[in-house]
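A.B. asks: Next up is a structure, given as structure tokens.
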Amino acid sequence: MVDLGYKKHYRVHHGANEFARGKSHINGIESFWSYAKRRLMKFHGIPQSTFYLHLKECEFRFNNRSTDIYKLLLKNFKNKPLS
């Protein structure tokens, strides 16, 4: 994980019946993958060349699931137009 740009990577040792250590737990990543898999299954397969883009969209939607994405996108397009 550090090789991918993350500053720290915390481990949770399930073999020792450990499922959380302080703020380090696996619930967040399991929740994200559950969300991403449900969303990506709707496509019935996607090209390998665009998988990263689909995954980044899932990440954006997951991180902004409590906000109105339409309003957020309009605000971003207003501040940084595509042209």
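A.B. asks: Scan region 64-83 for residues that are open to solvent by 100 Å² or more (accessible area, probe 1.4 Å) and at pLDDT 90 or above and report the count.
C.D. replies: Here is the first cut: in region 64-83, the residues open to solvent by 100 Å² or more (accessible area, probe 1.4 Å) are 65-66, 70-71, 75, 77-80, 82-83.
Narrowing the set further to residues that are at pLDDT 90 or above leaves 66, 70-71, 75, 77-80.
Count: 8.
A.B. asks: Could you say which residue among V12, V2 is more than 21 Å from I69 (Cα to Cα), touching a strand residue (DSSP E or B) at 6+ places or on another chain (Cβ under 7 Å) and at pLDDT below 80?
C.D. replies: Within the list V12, V2, the selection yields V12.
A.B. asks: Further, regarding this structure: Suppose the filter is touching a helix residue (DSSP H, G or I) at 6+ places or on another chain (Cβ under 9 Å), modelled with pLDDT of 75 or more and surrounded by 10 or more Cβ atoms within 10 Å (Cβ to Cβ); does A36 pass it? Outline the logic, then answer.
C.D. replies: Numbers: touching a helix residue (DSSP H, G or I) at 6+ places or on another chain (Cβ under 9 Å): yes; modelled with pLDDT of 75 or more: yes; surrounded by 10 or more Cβ atoms within 10 Å (Cβ to Cβ): yes.
Spelling it out, A36 is indeed touching a helix residue (DSSP H, G or I) at 6+ places or on another chain (Cβ under 9 Å), modelled with pLDDT of 75 or more and surrounded by 10 or more Cβ atoms within 10 Å (Cβ to Cβ).
A.B. asks: I would also like to ask the following. Restricting attention to region 22-30, does a residue exist that is over 30 Å from L73 (Cα atoms), in a helix (DSSP H, G or I) and modelled with pLDDT under 65?
C.D. replies: no
The values are calculated or read from the model by the stated rules, or taken from the named source; none is laboratory data. What you see is a predicted model; the values in this text were computed from it and never measured. Positions of Cβ are generated from backbone atoms using ideal geometry, with glycine treated the same way; all protein chains shown enter the neighbour counts. Calculation scope for accessible area: heavy atoms of the full protein, side chains included, ligands and nucleic acids excluded. Shrake-Rupley method; radii C 1.70, N 1.55, O 1.52, S 1.80 Å.
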